[in-house]
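Have a look at the structure below, then the notes.
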Amino acid sequence: MEIMAQIAPPVPPDEAERLADLEDLAILDTEPEKEFDRLVQLATTICQAPIGAITFIDSHRQWFKSRIGVEVAATPRDLAFCAYTIADSERLLEVQDAETDPRFVTNLFGPDFPPVRFYAGYPLQTREGSAVGTLSVMDVVPRALTATQREALAKLAHTVSTHLTMRRELRVATQSDRLTGLPNWFHFESQFDRCKASRSVLVLVRLKTVGQITSAHGFRSADAMIKQAAQRLRSCLKDDAFVGRIKRGLFVMYFPGLDPEDFRKTTAATLNATLCEPYNIEALTLVCPVHLGVAVHPDDGAKLDDLVTAADGALQVAIERDEPYVFFDKAVDNQLSRHYRLEPQLRRGLRQNEFVNYYQPKVDLATGAIVGVEALIRWIHPERGLVSPMEFVPALELTGLIAEAGGQVIQRAISDWWKWRAAGLDAPRIAVNVAAEQLRGNNFVSGLQSALAAVDGNPAALSIEVTESILITNMERAIEILSEVRSLGIPVAIDDFGTGYSSLAYLVTLPIDELKVDQAFIRKITTDPAYLGIVETCITLAHSLKLKVVAEGVETQEQARLLRELECDQAQGYLYSKPVPADELARMLPLLARPAVSAVPAAGLVLGPAATRPVKS
Ligand code: C2E
Ligand code: MG
Ligand code: MG
């Protein structure tokens, strides 16, 4: 058989989209599948043809997904009948004798194959209307289809098209995240496997205030914001980089071939700047800063799981320190893992009441009288004995157990307060430390309300201390909560003042009653005039705002003397007393002028001879 002069097939007008749609089907070069084979079988039987196929027309080739009577897996596109069929995406192409048609070569399957004389093919259409391939039947003799056969072929082609659409939708549903359309974790994983580059950067991106935005404006607004954030992340991608969403406000990005230094110098800033722009969602303008945890391939992990674990460790540090981005650091990670490893022990401790309250007096600098105490948590570990809060409070915060632990501190404070009262003592106001997470919890204010009820509504029994870190994420919300606390009659103190933002300006706006100047400042007032000056400024400003000032960590008479000169109101420190258990504190408390409840000491409470004496000043 001679090769006839062949005219190149026409290129469909939507060729670029057609090829994109074809790629989107992810069907090229896949294994044969029974569903497709069965439909080809049916087509050849109905049309009484010895040859049949489902083919897809790629940029330069025709590829056979399913074939009967055909040896080859692909032919050049220019030789394919089907390349003509797809030029009209709606209609059947029937060539009754190819040998008389100059458009076709008939030995398209090779020299050993009998020439194809008859061809009938129907285009396979995607939902978007692109003709990506064909269902065809062929014969080695010239002939025609009957009307019934044509109709059947059209129906079968339609079935193949539907099958293709369903396959794609199933793939999209299983591979992408419905809200943002970004790849989900599983798809991200397979993308990573395909393009893992030698040196590259993986980043976890966490939107910081999704939780707050959800509670303040509802999940639809938060969803809309997450969607916009996803678009912004996409806009930051260059070259082969890609992004996926892991959960609500958490995304993962991979930058193949990116030098970590370039990430540090430019990409981090670009990501931050892009994501920190305000979001306009209906009538709202929302701001949602981000934290980034960065891991480097292969230094921090060769496999995706290890890289993500490293990036997550870095992210936790970024969140804790409130830094825009943090690179993974093994030393820091060890400390974090230690915190996480403590979790089961902490849970057990909370269940089995291994935590106790110690109390440290706050004294009036002018009179030396105890004007309050601070409750400080201690862990009586079954094997290790007394454990310092410095060691486990950060772990309680990290593992989300701080609210429960804090609730227990308040319960113990209430019960100790009653014991002191029952012993006829002038029970002082107990200040409890409140962690930022705890303050933001849903039940914080109602919990305090119940606590207040448990002390017969006596507002002189309790106060709270919060550190400046409460201001980090949402100052407005913090202000709201603190105002509610104060409206219950419970005073609020800012703890460790000077160590966080070191800004006096926000004191004006915060609803607080007391300022506790951090011990780092107090320690230096006797040796460094600059520190004396700072403390003096704090006291003056606080007084002008009608706040009480407490000096923390007062250890020497000299410090106490200077503080008295500066008219500091109260002091707390080893000079007066270390934190001690409840019954030991009882020995420092004066007796009530008129016993309010009962003069009988509570069980287990031993009153020493010093019960009426104020502590030394
Ligand atoms: P803080 O609230 O600033 O408590 C004061 C800390 O300074 C206490 O350490 C106390 O023992 C120590 N201190 C008091 N006077 C002196 C002194 O004269 N010199 C020196 N060097 N230190 C002094 P502690 O009890 O180890 O507590 C450490 C921190 O742990 C507390 O700092 C507080 O931030 C946290 N914490 C303690 N109990 C709780 C709690 O129940 N809940 C929460 N969320 N945090 C707590
Ligand atoms: Mg405190
Ligand atoms: Mg403090």
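The values are calculated or read from the model by the stated rules, or taken from the named source; none is laboratory data. As the structure is a prediction and not an experimental result, all values here were calculated from the model. Every residue, glycine as well, gets a Cβ built from its backbone with ideal geometry; the counts of neighbours run over all protein chains shown. With ligands, DNA and RNA removed, areas are computed over all heavy atoms of the protein, side chains included. Shrake-Rupley method; radii C 1.70, N 1.55, O 1.52, S 1.80 Å.
The table below gives the values:
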read-out	value
Options Val508, Val485, Val445, Val466; residue that is closer than 26 Å to Asp322 by Cβ and within 14 Å of ligand 3 (Cβ to nearest atom)	Val466
Filtered residues of region 108-142 (kept if under 60 Å from the mean Cα position of the chain (by Cα), within 20 Å of Pro50 (Cβ to Cβ) and of a type outside the set (Phe, Trp, Tyr))	Leu108, Gly110, Ala120, Gly121, Thr134, Leu135, Ser136, Val137, Met138
Only one of Pro344, Pro324 that is touching a Leu at 6+ places or on another chain (Cβ under 7 Å), of a type outside the set (Val, Ile, Thr) and at pLDDT below 95	Pro324
Any hit, region 93-104, residues being buried (at least 19 other Cβ atoms within 10 Å of the Cβ) and among the small types (Gly, Ala, Ser)	yes
Tyr531 vs. criteria free of Cβ contacts under 8 Å to residues at least 40 places away in the same chain, under 42 Å from the mean Cα position of the chain (by Cα) and surrounded by 16 or more Cβ atoms within 10 Å (Cβ to Cβ)	yes
Meets criteria (touching a Cys at 6+ places or on another chain (Cβ under 8 Å), outside any helix (DSSP H, G or I) and within 17 Å of Ala49 (Cα to Cα)) for Leu145	yes
Count of region 440-470 residues which are within 16 Å of ligand 2 (Cβ to nearest atom) and either closer than 24 Å to Ile539 by Cβ or touching an Asp or Glu at 6+ places or on another chain (Cβ under 9 Å) (or both)	8
Scope region 30-57; condition acidic (Asp, Glu) and either crowded, with 19+ Cβ neighbours inside 10 Å or modelled with pLDDT of 95 or more (or both); matching residues	Asp37
Enumerated strands (runs of 3 or more DSSP E) restricted to region 236-297, each holding at least 1 residues that are open to solvent by 70 Å² or more (accessible area, probe 1.4 Å) and closer than 18 Å to Val326 by Cβ	none
Residue list for region 301-324, restricted to those being touching a residue at least 60 places away in the same chain (Cβ under 8 Å) and outside any helix (DSSP H, G or I)	Asp322
Single unsatisfied condition, Gly368 versus (1) touching a strand residue (DSSP E or B) at 6+ places or on another chain (Cβ under 7 Å); (2) modelled with pLDDT of 90 or more; (3) away from ligand 3 (no atom under 16 Å from the Cβ); (4) not polar (S, T, N, Q)	(1)
Residue within region 551-573 that is open to solvent by less than 10 Å² (accessible area, probe 1.4 Å), among the β-branched types (Val, Ile, Thr), within 38 Å of the chain's Cα centre (by Cα) and within 16 Å of ligand 3 (Cβ to nearest atom) present	no
Complete set of residues in region 556-577 that are touching a residue at least 24 places away in the same chain (Cβ under 8 Å), closer than 15 Å to Asp364 by Cα and either within 16 Å of ligand 1 (Cβ to nearest atom) or not assigned by TED's automatic domain parsing to the domain that holds Tyr358 (or both)	Gln559, Ala560, Leu562, Leu563, Cys568, Gln570, Ala571, Gln572, Gly573, Tyr576, Ser577
Scope region 318-337; condition closer than 19 Å to Thr209 by Cβ and in contact with a strand residue (DSSP E or B) (Cβ under 7 Å, 6 or more places away or on another chain); matching residues	Ala318, Ile319, Pro324, Tyr325, Val326
Test: residue in region 553-566 that is under 20 Å from Asp496 (Cβ atoms) and either at pLDDT below 90 or within 16 Å of ligand 2 (Cβ to nearest atom) (or both)	yes
Of the criteria (1) farther than 18 Å from Asp518 by Cβ; (2) part of a loop (DSSP other than H, G, I, E, B); (3) at pLDDT 95 or above, which one Ser598 fails	(3)
Residue that is nearest to ligand 2 (Cβ to nearest atom) [pool: residues in region 488-512 that are hydrophobic (A, V, I, L, M, F, W, C) and modelled with pLDDT of 90 or more]	Ala493
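Yes/no per residue for (1) in contact with a Ser or Thr (Cβ under 9 Å, 6 or more places away or on another chain); (2) polar (S, T, N, Q); (3) not assigned by TED's automatic domain parsing to the domain that holds Val434:
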position: Pro344; (1), (2), (3): no, no, yes
position: Phe355; (1), (2), (3): no, no, no
position: Tyr358; (1), (2), (3): no, no, no
position: Pro361; (1), (2), (3): yes, no, no
position: Leu365; (1), (2), (3): yes, no, no
position: Val371; (1), (2), (3): no, no, no
position: Ala375; (1), (2), (3): no, no, no
position: His381; (1), (2), (3): no, no, no
position: Gly385; (1), (2), (3): no, no, no
